[in-house]
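Just below is one structure, and these are the notes that go with it.
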Amino acid sequence: MKNDNLKFKIKKIFIFFLIFFLLLFSTTKKIFAQQVSLSLSPPLIETIIKPGKSILIAYTIVNYGDPTVLTTKILPFEPKNNFGQIKIKDEFEGPIRFSLDNANFNLGQDFFLKTNDSEQLLLRIRAPEGTPEGDYYYTLLVGSLPQFAQEEKSASFAKATIGSNILITVTQSGQIDIKPKITIFQVLPRLRFSFFGKTINLFDSTDSIPIVLIVENKGKNLIKPEGQIILKGNFGERAKFDILPQNILSQSQRLMLATPSADLKCTPNSKLKACQRSISLIIPGFFLGFYQLSTSLIFGENSPQISASTSFFAFPMKIFFGFTIFLAIIIFIIKKIKNEE
């Protein structure tokens, strides 16, 4: 009798938990995760426009994610720092006018794009009469909008925005205002000191040589430097490193990069100067004696050439100090042995 009562209680408990879990799963709302993956090309436009003229740019937007609704807008941007990063402004400004020549939608209007489908955006860029000469920088932004179905009351929708920068130079004559300046061209040495009014940069022979090159654009139009960094040694060594062409926006500075380069193995608490600064070029190797570094930059045909130079000494300090300590220990041991005799 007791066994029957125990079996009955176990059966009631089992039925209770079964009903509980059925109710739990039946009332749980479905969660959907939307996948958003967009591609916009071309990623950068550089163009020259005369006042009163317009041009047409064909963009292609591709949706590699789930079907989604997209919208477009244009916003201006400005340089953020010396590393080519930009800051997009919150509101539209400037004299340049934009519109879409698409028949089915315009700027700011939504359009639908299925998975693996694409849409061509025909962007019209116009510089009205009287537009002041100079540079104007904008970004075409294409972003997704979350769409909720009636049966999907609880869902997870991702939102993505992709952009293409537009660099516009407005000029009536076609002449470009080129006013470059090298603001910094230097090495980041292990030791730096003054000697008879001259700055001495000192490295250990096994150090990699970090170089910083920053160019300022004081003109009204963007510039793109081309040139080299050249290393000359006191034993006839010579090496050339090409500077990568990078846009420097009007009234801004930029850290120029050269190739080939290398990354230093920096720790979070590293005290090396090279780990605390961004670097244009790092030259590895074994160095001994006096070295000269120079750079020269040009900015297209009939443009001014600017140059700068610096120098450094390399000495095997680690080997020298290690040998000195080793020699001191040997002398100490020899003297101690003699004293004991």
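The values are calculated or read from the model by the stated rules, or taken from the named source; none is laboratory data. In this text, all values refer to a predicted model and were calculated from it rather than measured experimentally. Backbone-built Cβ (ideal geometry, glycine too); neighbour counts: all protein chains shown.
Within the range 245-288, how many residues are modelled with pLDDT of 80 or more and either exposed (fewer than 13 other Cβ atoms within 10 Å of the Cβ) or within 18 Å of Lys179 (Cβ to Cβ) (or both)? First the steps, then the outcome.
Initially, the range 245-288 is screened for residues modelled with pLDDT of 80 or more, giving 245-259, 278-288.
Next cut, either exposed (fewer than 13 other Cβ atoms within 10 Å of the Cβ) or within 18 Å of Lys179 (Cβ to Cβ) (or both) only: 245-254, 256, 259, 286.
Adding up the residues that qualify gives 13.
Working only within the range 55-72, note down all residues that are exposed (fewer than 15 other Cβ atoms within 10 Å of the Cβ) and not aliphatic (A, V, I, L, M).
Those that are exposed (fewer than 15 other Cβ atoms within 10 Å of the Cβ) and not aliphatic (A, V, I, L, M): Thr60, Tyr64, Pro67.
Only one residue in Ile184, Ile178 is outside any strand (DSSP E or B), out of contact with any Cys (no Cβ under 7 Å at 6 or more places or on another chain) and either in the same structural domain as Ser278 (by TED's automatic domain parsing) or under 23 Å from Ile214 (Cβ atoms) (or both). Which one?
On the way: Ile184 fails: outside any strand (DSSP E or B).
Sole residue among the options that is outside any strand (DSSP E or B), out of contact with any Cys (no Cβ under 7 Å at 6 or more places or on another chain) and either in the same structural domain as Ser278 (by TED's automatic domain parsing) or under 23 Å from Ile214 (Cβ atoms) (or both): Ile178.
State all residues of the range 283-340 that are among the aromatic types (Phe, Trp, Tyr) and not in a helix (DSSP H, G or I); if no residue qualifies, say none.
Here is the first cut: in the range 283-340, the residues among the aromatic types (Phe, Trp, Tyr) are 286-287, 290-291, 299, 312-313, 315, 320-321, 323, 326, 332.
Answer for the range 283-340, where residues must be among the aromatic types (Phe, Trp, Tyr) and not in a helix (DSSP H, G or I): Phe286, Phe287, Phe290, Tyr291, Phe299, Phe312, Phe313, Phe315.
Taking the range 102-133 as the search range and keeping residues that are hydrophobic (A, V, I, L, M, F, W, C) and not in a strand (DSSP E or B), which one is surrounded by the most Cβ atoms within 10 Å (Cβ to Cβ)?
Filtering the range 102-133 down to residues hydrophobic (A, V, I, L, M, F, W, C) leaves 103, 105, 107, 111-113, 121-123, 125, 127.
From what is left, the residues that are not in a strand (DSSP E or B) are 103, 105, 107, 127.
Details: Ala103: 7, Phe105: 16, Leu107: 16, Ala127: 25.
Step by step, filter the range 102-133, then rank; the result is Ala127.
Is it true that Lys220 is among the charged types (D, E, K, R), part of a loop (DSSP other than H, G, I, E, B) and not assigned by TED's automatic domain parsing to the domain that holds Pro42? Quick ask: steps written out before the conclusion?
Values: among the charged types (D, E, K, R): yes; part of a loop (DSSP other than H, G, I, E, B): yes; not assigned by TED's automatic domain parsing to the domain that holds Pro42: yes.
Yes, satisfied.
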